[in-house]
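Report on the following structure.
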Amino acid sequence: MSLVNRKPRPLSREEGSPRDTRLFIVACDDTYAPQQYFNFFRIPRIQIHVVPTEDGTSAAKHVLNRLHQIEHEEDDELWMLLDTDHCINDGHFEGFIQALEEARQTRVSVALSKPCFELWLLLHHAEQSEVTQIETAKDAESELRKILGSYNKRLLRGEHFPEEAIFPACNRARQLDEPTGDTDRPKTNTSRVYRLWESILSKSTPAQLPDSFRKFFE
């Protein structure tokens, strides 16, 4: 049985954007951090629209439902950002796996973070060895406060996550992910947000990008 209750909502492209602008629609189980984070970046011919959790329903099936409720075009990319600490605790694992299976069937890509999106933010500043022992979102937020001096997921600061930090963050996340394999339940800390970034930049023209992003094509 489908999890999707299809009630399309129109999503407008940014005014003045070229006709070949690629749209990434990213639904997440977080209310604050991912939307702010991706709003920091402006990439030529790319639009990233983040759909946050606004009603407290952060289970994977609800994230997928919100994603499918948005009207989109065939060549738009649909993604879910999911924290494993949200999805696999408190008896939610079966529903989590069902949602991932439906995502595969409906061509939705999934970027898991274990334990949470804050691990991805940490990888902008910390090496792989510095994040392997983090167990909870609270641990990750505590480490961010140590490194940045402050951290409030309701009020991210763009200067903490500059463009030049994305390439090393992706490299660190990829190396963490290598021993994990392509599993639905990673056994070690990782963040597959790097896969989303790789897909975003693969749809870009290198000559139009800032130097910090061109490293992805070298």
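The values are calculated or read from the model by the stated rules, or taken from the named source; none is laboratory data. These figures come from a predicted structure and were not determined experimentally. Here the Cβ is made from the backbone with ideal geometry for all residues, glycine too, and neighbour counts use every protein chain on show. Surface accessibility is based on the protein's heavy atoms, side chains included, excluding ligands, DNA and RNA. Shrake-Rupley method; radii C 1.70, N 1.55, O 1.52, S 1.80 Å.
The residues of the range 22-49 that are assigned to a strand (DSSP E or B), of a type in the set (A, V, I, L, M, F, W, C) and either open to solvent by 10 Å² or more (accessible area, probe 1.4 Å) or more than 18 Å from Val108 (Cα to Cα) (or both), listed by number, are Ile43, Ile46, Ile48.
Would you check if Arg66 is closer than 24 Å to Ser212 by Cα and open to solvent by 20 Å² or more (accessible area, probe 1.4 Å)? Spelling it out, it is not the case that Arg66 is closer than 24 Å to Ser212 by Cα and open to solvent by 20 Å² or more (accessible area, probe 1.4 Å).
Name the residues in the range 123-132 that are polar (S, T, N, Q) and touching a residue at least 24 places away in the same chain (Cβ under 8 Å), would you? First the steps, then the outcome.
To start, the set of residues in the range 123-132 that are polar (S, T, N, Q) comprises 128-129, 132.
Gln128, Thr132, listed by residue number.
Among the residues of the range 50-60, those identified as of a type outside the set (A, V, I, L, M, F, W, C) and surrounded by 17 or more Cβ atoms within 10 Å (Cβ to Cβ) are Pro52, Thr53, Ser58.
Can you name every residue in the range 166-187 that is among the β-branched types (Val, Ile, Thr), open to solvent by 10 Å² or more (accessible area, probe 1.4 Å) and either modelled with pLDDT of 90 or more or out of contact with any strand residue (DSSP E or B) (no Cβ under 7 Å at 6 or more places or on another chain) (or both)?
Step one: list which residues in the range 166-187 are among the β-branched types (Val, Ile, Thr), which gives 166, 180, 183.
Checking which are open to solvent by 10 Å² or more (accessible area, probe 1.4 Å) leaves us with 180, 183.
Scanning the range 166-187 gives a single hit, Thr183.
Among the conditions (1) at pLDDT below 95; (2) farther than 23 Å from Asn152 by Cα, the only one that Thr57 does not satisfy is (2). Has the range 179-186 got at least one residue that is over 17 Å from the mean Cα position of the chain (by Cα) and under 21 Å from Gln35 (Cα atoms)? For the range 179-186, residues over 17 Å from the mean Cα position of the chain (by Cα) and under 21 Å from Gln35 (Cα atoms): absent.
Select from the range 193-218 the residues that are farther than 15 Å from Phe38 by Cβ and either in a loop (DSSP other than H, G, I, E, B) or in contact (Cβ under 8 Å) with a residue 24 or more places away in the chain (or both) and write down the one among them that is least open to solvent (accessible area, probe 1.4 Å).
Start the filter on the range 193-218 by keeping residues that are farther than 15 Å from Phe38 by Cβ, which leaves 202, 205-212, 214-218.
In the following step, the residues that additionally are either in a loop (DSSP other than H, G, I, E, B) or in contact (Cβ under 8 Å) with a residue 24 or more places away in the chain (or both) were identified as 205, 208-210, 212, 215-216, 218.
Values: Thr205: 68, Gln208: 75, Leu209: 4, Pro210: 44, Ser212: 20, Lys215: 90, Phe216: 47, Glu218: 177 Å².
Step by step, filter the range 193-218, then rank; the result is Leu209.
For the structure I just gave you, tell me whether Ser204 is of a type in the set (Gly, Ala, Ser) and under 26 Å from Leu100 (Cα atoms). For Ser204, the condition - of a type in the set (Gly, Ala, Ser) and under 26 Å from Leu100 (Cα atoms) - is not met.
Do you know which residues across the range 143-163 are exposed (fewer than 14 other Cβ atoms within 10 Å of the Cβ) and assigned to a helix (DSSP H, G or I)? Please lay out each step first, then the result.
Of all residues in the range 143-163, those exposed (fewer than 14 other Cβ atoms within 10 Å of the Cβ) come to 145-146, 149-150, 152, 154-155, 157-159, 162.
Residues satisfying the conditions are Arg145, Lys146, Gly158, Glu159.
Does Ser109 satisfy the criteria of being small (Gly, Ala, Ser) and open to solvent by 60 Å² or more (accessible area, probe 1.4 Å)? Quick ask: steps written out before the conclusion?
Values: small (Gly, Ala, Ser): yes; open to solvent by 60 Å² or more (accessible area, probe 1.4 Å): no.
No; evaluated as a whole, the condition is false for this residue.
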